[in-house]
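Written below as structure tokens is the structure these notes are about.
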Amino acid sequence: MKPTQSTRTNSYVFQVELLVEGDNNGAALEKLIRSLNQGAYADYRILNGIQLGQLIDQRKTELPGRQPVSVPPPAAKPAPPVSNNGLDSIRAFMKSNKLIRLIVNKGLGIKLSIPCRILNIDEEGNLITVYHVDEKQVYTFRLNEIEDFKD
């Protein structure tokens with residue numbers, strides 16, 4: 001290597017489609033977000049939700065002598081919350097005003113461990129507002145940044 005050469009790391013953007021299985025849309029989305037947060041990715045963006053039925057249609061066409069029945073697509077519905085199970089626990093902590101430790105992954109290798117009380121959950125905006133008990137400050141995080149919480 002020449003002394004004038006830099007050892008700069010290049011960045012690349014890939015577009016992928018993933019099929020994630022789960023009990024419901026929220027559980028599958030949570031599984032995907034956890035995987036992405038645990039990966040060594042500089043950044044990621046989830047562009048849209050799931051498209052149901054493609055795997056079913058594919059498997060129906062693979063069966064000999066069977067043709068898929070044409071069914072009109074369902075009316076568009078908003079995506080369910082990230083995880084009712086996780087949000088139910090968070091709601092319980094919020095109602096009891098219980099002190100918890102929130103593990104937040106801000107990306108680029110930045111992880112925060114925050115002793116806090118939950119003030120509010122905005123499911124439509126996918127936001128959570130917490131009161132940091134040590135710093136006596138209020139912070140708002142995106143739900144996909146939350147890696148874990150401990151009571």
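Ranked from highest to lowest mean number of other Cβ atoms within 10 Å per residue, what is the order of the peptides 121-129, 97-105? Provide the component values of the computation, followed by the final result.
Working: 121-129: 14.3, 97-105: 16.0.
Put in order of decreasing packing, that is 97-105, 121-129.
Computed extension gain for Lys111 through Ala92, at 0.36 nm per residue and net of the alpha carbon distance, reaches 4.4 nm. For Leu119, enumerate residues with amide H under 5 Å from its amide H, sequence gap 5+ or separate chain, H modeled in the peptide plane. Here the answer is Thr129, Val130, Tyr131, since their amide H atoms fall under 5 Å of that of Leu119.
Please give the FRET efficiency for Thr7 paired with Tyr44, using the beta carbon to beta carbon distance and R0 = 22 Å, rounded to the nearest 0.05.
Values: r = 25 Å, r/R0 = 1.13.
In this case the efficiency is close to 0.35.
Relative protection proxy for 132-141, 37-46, from highest mean packing down: 132-141, 37-46 (other beta-carbon atoms within 10 angstrom). Using a simple spin-label model with pseudo-atoms 7 Å out from Cα toward Cβ, Ser35 and Arg101 lie 2.9 nm apart.
Taken together, the values in this text are just the output of simple stated rules run on the coordinates, not laboratory data. This is a predicted model, so every value here is computed, not measured. We place every Cβ from the backbone using ideal geometry, glycine too, and count neighbours over all the protein chains shown.
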